[in-house]
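To start, the structure under review is shown below, and the notes come after it.
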């Protein structure tokens, strides 16, 4: 039974030649046997242990461990798109605007896996894991989204302020939809102080940029604008 399973896996993972024939060599069988030794239950504890190891290795800026855990999963037969999805999530959760390009790199890796398939797509995933590990880190987006979830749960669907509502009809304009709205591009610095949140959340902040990577520039720009126009508040 074990031998039949090995042969079946070898057939599934071997691409056919131009005549549609899959040539199963001794080398292929040896590789399949080796992969079977590395296999782990994709819904069990070890599956989650290894993906946790990858996530924490990248978060702690350890590219050597990151590439190792990616390889462990791929060599054990893990679905490469699962690995790609975790990398995409990590790019937003643990890097965010500290390096906006991280998300592009992760999405590109996912597309590469779709385009190349396996095993050719393995290097795209390894490249992305090392890039994410070496990138500046920020969880400001993750924390900010959590705060918004809490307020949405607490307050429910609060109404959109009239000043920023769309007013495509005369009736809506008569109901003061969009009344008093100031178009930012008509002002110096392309910046205007006006309330965009529901009145119950007036002045509430969710996004707190860090001092790491590109977020440092974002933080400085926002602070400069708010300081310059603080009298308008």
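Readers should treat all values here as calculations from the given coordinates under stated rules, not as data from a laboratory. Because the structure is predicted, anything quoted here is derived from the model rather than measured. As a convention, Cβ positions derive from the backbone with ideal geometry for all residues, glycine included, and neighbour counts pool all protein chains shown.
I'm a student and want to see the number: the projected area of the Cα convex hull of the chain, averaged over all directions, in nm².
Values: hull surface 80.6 nm².
Result: a mean projected hull area of 20.1 nm².
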Which residue, 144, 156, 117, has the most motion in a Gaussian network model of the chain that connects Cα atoms within less than 10 Å? 156
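Is region 39-134 best put as rounded, prolate or oblate by its Cα gyration tensor, with a ≥ b ≥ c the root eigenvalues, rounded for a/c under 1.5, and otherwise prolate when a/b is larger than b/c, oblate when not?
oblate
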Shape category assigned to region 140-232 from the gyration tensor of Cα positions, a/c cut at 1.5: oblate
By counting other Cβ atoms within 10 Å of each Cβ, how are 31, 215, 150 ranked from fewest to most? 150, 31, 215
Order by neighbour count: 114, 55, 47, fewest other Cβ atoms within 10 Å first, most last. 114, 47, 55
Span from the region 175-233 Cα centroid across to the region 86-162 one, whole angstrom: 24 Å
Mind telling me which of 212, 86, 22 comes out most flexible in a GNM of the chain, alpha-carbon contacts under 10 Å? 22
Picking from 214, 187, 90, which is most flexible by a Gaussian network model of the chain using Cα springs under 10 Å? 187
With each pseudo-label sitting 7 Å past Cα toward Cβ, what's the residue 227-residue 8 distance in nm, one decimal? 6.8 nm
Just want to confirm a number: the relative contact order over the chain, from Cα pairs under 8 angstrom separated by 6+ residues, in percent. 16 percent
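Can you put 154, 59, 89 in order of Cβ neighbours within 10 angstrom, beginning with the fewest? Walk me through the intermediate numbers first.
On the way: 154 9, 59 17, 89 13.
Least crowded to most crowded, the residues run 154, 89, 59.
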Among 130-139, 68-77, how do they line up by average Cβ neighbours within 10 Å per residue, starting with the highest? 130-139, 68-77
In whole percent, what relative contact order does region 140-232 give with Cα contacts below 8 Å and a gap of six or more residues? 29 percent
Subtracting the Cα-Cα distance from 0.36 nm times the residue separation, let me have the gained length for residue 172 to residue 189 in nm, one decimal. 3.1 nm
